[in-house]
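Beneath this line is the structure, given in structure tokens, with notes to follow.
Each value in this text was obtained by applying a stated rule to the coordinates, not by laboratory testing. Just so you know, these numbers come straight off a predicted model, no measurement behind them. FYI the Cβ positions are ideal-geometry reconstructions off the backbone, even for glycines, and counts take in every protein chain you see.
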Amino acid sequence: MEFDFTPVITYFPTLMKGLGVAIFVAIIVALMSVLGGLLVAVISVYINKVLSWPLRFFIWLFMTTPLLLQLYLLYFGIGEWVLIPAVVVGILGLGFHYMAYNADIFVATLKSVSDGQYEASRSLGFGHTATIFYILVPQAFIRSIPQIGNNMILMVKDTSVLSAIGVAELVYASQYAISVSFRPFEFFIVIAIMYYIINVFMELGQVWLERLTAYRR
Amino acid sequence: MDFNLMVDVTPLLLKAAWVTIDVSARSLFFGFFVACGLVFMQSLRFAPVRWLARGYVSAIRGTPYFVQLLLVFYGGPSIGFRLDPLTCGVFVGAFNIGAYMSEAIRGSIESVDSGQAEASRSLGFGKAQTLISIVLPQAAPLMIRSLGVLAIVVVKNSSLISIISVVELTYQAQRLIGSTYKPLEIFTISALMYIVIVYAVMGIIELAYRRATRYTTL
């Protein structure tokens with residue numbers, strides 16, 4: 001049992017490339033899942049009661065089945081009609097998964113904004129849509145920052161699962177390097193540390209964001 | 001939708017679903033003991049043991065379960081730690097969820113007002129007896145709820161052990177999709193099975209919750 005970290009240094013550029021892809025995917029998925037989740041929540045709470053049932057069904061479906069199964073469905077399902085790169089499938093799969101989780105949180109926080117806010121805004125001359133987007137959504141959004149932050153931390157860790165459908169992110173890059181160097185323990189330890197560091201930064205960012213918005217609550 | 005195919009694959013998927021249930025149940029069982037150990041370590045007065053437990057929880061929660069699984073399964077043999085896929089899945093699953101569970105248990109114990117423990121101690125109860133007959137019954141409802149959420153996480157996490165070739169529900173589904181090219185049909189059946197498992201777990205949690213709160217009036 002001796003460790004040899006020289007292959008890790010040799011393949012460090014490969015790992016960095018993988019890390020870059022992981023961060024890129026995470027950023028796109030974060031934007032997609034937060035904005036999409038908010039949109040789904042707003043539609044299902046305020047705008048259209050008929051449309052809200054299928055939306056709730058999708059939230060429920062994505063929350064009760066595992067991410068990997070959803071990724072396989074998308075990967076093979078879309079692959080039947082068109083050939084698109086795995087990274088797009090990965091972003092869509094992870095995006096929809098966390099969109100459902102975020103929408104669930106936004107639905108709860110939108111409902112927690114008191115009715116008086118809506119009535120006051122309407123009596124001050126705001127329209128229905130203006131009230132939703134200028135008065136209710138901002139308040140709900142700030143209230144949901146802690147939980148959305150938790151979801152995003154989970155999401156960054158779940159980008160590792162995308163290697164299963166062949167997205168060239170950090171785990172995939174290290175699997176390639178391992179297949180050449182036969183040093184699984186060293187590589188996986190190093191990428192675990194990388195994920196841990198990202199995680200620490202995200203937790204700090206979450207604390208900072210919560211402090212920044214605390215006075216508005 | 002090809003219903004004949006759906007009927008044909010159901011027995012295979014049911015068999016695989018049983019593996020999912022088996023692995024999840026074992027991970028939860030052993031994970032609970034890991035969690036109790038961690039909670040105990042964090043309650044000790046000897047600081048290094050507390051730091052060790054805190055560091056462990058932080059490391060587990062800060063890294064993906066997927067990477068932990070790969071590290072133990074592929075990296076383990078090079079430090080002389082060789083496990084077969086199923087055992088490895090249960091092992092990593094238990095040690096992973098144990099860290100999350102220890103936080104849930106600690107949080108629910110700390111949610112009980114400290115005056116309860118003080119009052120009990122001043123009435124002559126011992127430390128262990130205070131914990132068992134005064135604090136834990138009051139912490140139970142919250143503990144059951146938060147452990148229940150983790151139980152569902154365990155069921156969904158168990159899909160990841162398909163990567164180390166354990167033939168569980170997701171592995172079987174992926175293999176069948178690959179051989180039949182009917183993703184939607186296979187997905188429908190396997191998703192249905194996951195949903196049934198998740199709802200069964202939720203039902204058990206609800207029963208336990210009702211039992212824990214049967215004497216409380218709110």
Computed over the protein assembly as shown, Cα set: Rg, Dmax in Å
23.5, 74
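Net charge near B:ALA99, counting Lys/Arg +1 and Asp/Glu -1 over other residues with Cβ under 12 Å of its Cβ?
Its environment carries a net charge of +2.
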Hydropathy first: keep DSSP H helices in chain B averaging at least -0.5 on Kyte-Doolittle, then drop any whose Cα extent along the axis falls short of 24 Å, and list what survives.
B:3-43, B:85-110, B:136-157, B:183-212
About the Cα centre of the protein assembly as shown, what is the dipole size in debye to 20, counting +1 per Lys and Arg Cβ and -1 per Asp and Glu Cβ, all else neutral?
980
Lys and Arg at +1, Asp and Glu at -1: neighbours of B:GLY37 with Cβ under 14 Å from its Cβ sum to +2
Computed P(r) (all Cα pairs; region A:9-78; 10 Å bins; percent)
16, 31, 32, 14, 6, 1
Förster radius 51 Å - calculated FRET efficiency between B:LEU123 and B:ARG82, Cβ distance, rounded to 0.05:
0.45
Report the calculated FRET efficiency for A:SER112 and A:VAL180 (r = Cβ-Cβ distance, R0 = 45 Å), to the nearest 0.05.
0.25
Which angle between 0 and 90 degrees, to the nearest 10, do you get for helix A:86-112 versus the longest principal axis of chain A when only C-alpha atoms count?
30
Simple label model, 7 Å out from Cα along Cβ direction - B:LEU192 to B:PHE40, nm
4.5
From the Cα gyration tensor of region B:3-212, with a ≥ b ≥ c the square roots of its eigenvalues, which class applies: rounded if a/c is under 1.5, or else prolate if a/b is larger than b/c, or else oblate?
oblate
Could you sort out which of A:LYS157/B:LYS156; A:LYS111/A:LYS157; A:LYS17/A:LYS157 sit more than 20 Å apart by Cα distance in this structure?
A:LYS111/A:LYS157
Acute angle (nearest 10 degrees) that the helix A:184-214 long axis makes with the longest principal axis of chain A, alpha-carbon atoms
20
Net charge near A:TRP60, counting Lys/Arg +1 and Asp/Glu -1 over other residues with Cβ under 15 Å of its Cβ?
+1
If the cut-off is a Cα-Cα distance under 14 Å, which aspartates and glutamates reach B:LYS127, setting aside same-chain residues fewer than 8 apart in sequence?
B:GLU118
How far is it, in nm, from the label point at B:VAL49 to the one at B:ARG145 when both lie 7 Å from their Cα along the line to the Cβ?
3.2
Could you check the spin-label model distance between B:ALA59 and A:ASN150? Points 7 Å from the Cα along Cα→Cβ, value in nm.
2.5
Inverse mean reciprocal Cα-Cα distance (Kirkwood Rh) of region A:1-135, Å
17.8
